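For reference, the structure is listed below as structure tokens.
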Amino acid sequence: ANGVVDMGAEGHADLIAVEHRRHLVGQGSDDLMILDGKTGKLLHDVSIGGGPLSVAYDPVSKLAYVSSRDAGTVTAVDAEGKIVGNLDQSPFPNHVFANGKGGVYSLNKSMKPDDPKGDRITHIQFAQ
């Protein structure tokens, strides 16, 4: 059955479906919510940091990666809602894309036209 579940995510930015779970980032509430995909029940509410915009899941590492633009970080979270990594990707990590091989690509926007750290793509992969 289809339905709507109000989880209270302020400024919802991104939602992905992974196996029997849903990963939702709230840009205004600065969190990642992991939900049961069948019931909508909140399993984990993980405080991520300022302005999460994008979430991607890598099936090999079984990690969800969240880009937080305001915090300037990409955060890796396991299936139990534990943060296993928080990486500086400043100035503005905008999106993350899973590569399906154990990691993600992080797209970083520039702060200004001559920003040497902006407008780049970074490959992120944790050693297993």
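The values are calculated or read from the model by the stated rules, or taken from the named source; none is laboratory data. Everything numeric here is computed off the predicted structure, so don't read it as measured data. When we count neighbours, we look across all protein chains shown, and the Cβ atoms used for this are built from the backbone with ideal geometry, even at glycine. Note: areas computed on protein heavy atoms with side chains; ligands, DNA, RNA excluded. Shrake-Rupley method; radii C 1.70, N 1.55, O 1.52, S 1.80 Å.
Can you name every residue in region 33-62 that is closer than 14 Å to His23 by Cα, open to solvent by 60 Å² or more (accessible area, probe 1.4 Å), touching a residue at least 12 places away in the same chain (Cβ under 8 Å) and not small (Gly, Ala, Ser)? Give the derivation first.
Here is the first cut: in region 33-62, the ones closer than 14 Å to His23 by Cα are 33-48, 52-59, 62.
Pick out the ones that are also open to solvent by 60 Å² or more (accessible area, probe 1.4 Å) and you get 38-39, 41-43, 45, 47, 59, 62.
Within this subset, residues satisfying the condition of being touching a residue at least 12 places away in the same chain (Cβ under 8 Å) are 38, 42-43, 45, 47, 59, 62.
Correct list: Lys38, Leu42, Leu43, Asp45, Pro59, Lys62.
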| said: Among the numbered criteria (1) touching a Gly at 6+ places or on another chain (Cβ under 9 Å); (2) part of a strand (DSSP E or B); (3) more than 18 Å from His20 (Cα to Cα), which one does Tyr65 miss? | reply: (3)
| task | Scan region 97-114 and give yes if some residue there is touching a residue at least 40 places away in the same chain (Cβ under 8 Å), touching a Gly at 6+ places or on another chain (Cβ under 8 Å), among the hydrophobic types (A, V, I, L, M, F, W, C) and in a strand (DSSP E or B), otherwise no. | result | no
| query | Considering Asp78, Asp115, Asp88, Asp70, which residue is out of contact with any Lys or Arg (no Cβ under 8 Å at 6 or more places or on another chain) and surrounded by 15 or more Cβ atoms within 10 Å (Cβ to Cβ)? | reply | Asp115
| said: Against the definition (under 14 Å from Pro59 (Cα atoms), over 14 Å from the mean Cα position of the chain (by Cα) and among the charged types (D, E, K, R)), how does Lys112 come out, yes or no? | reply: no
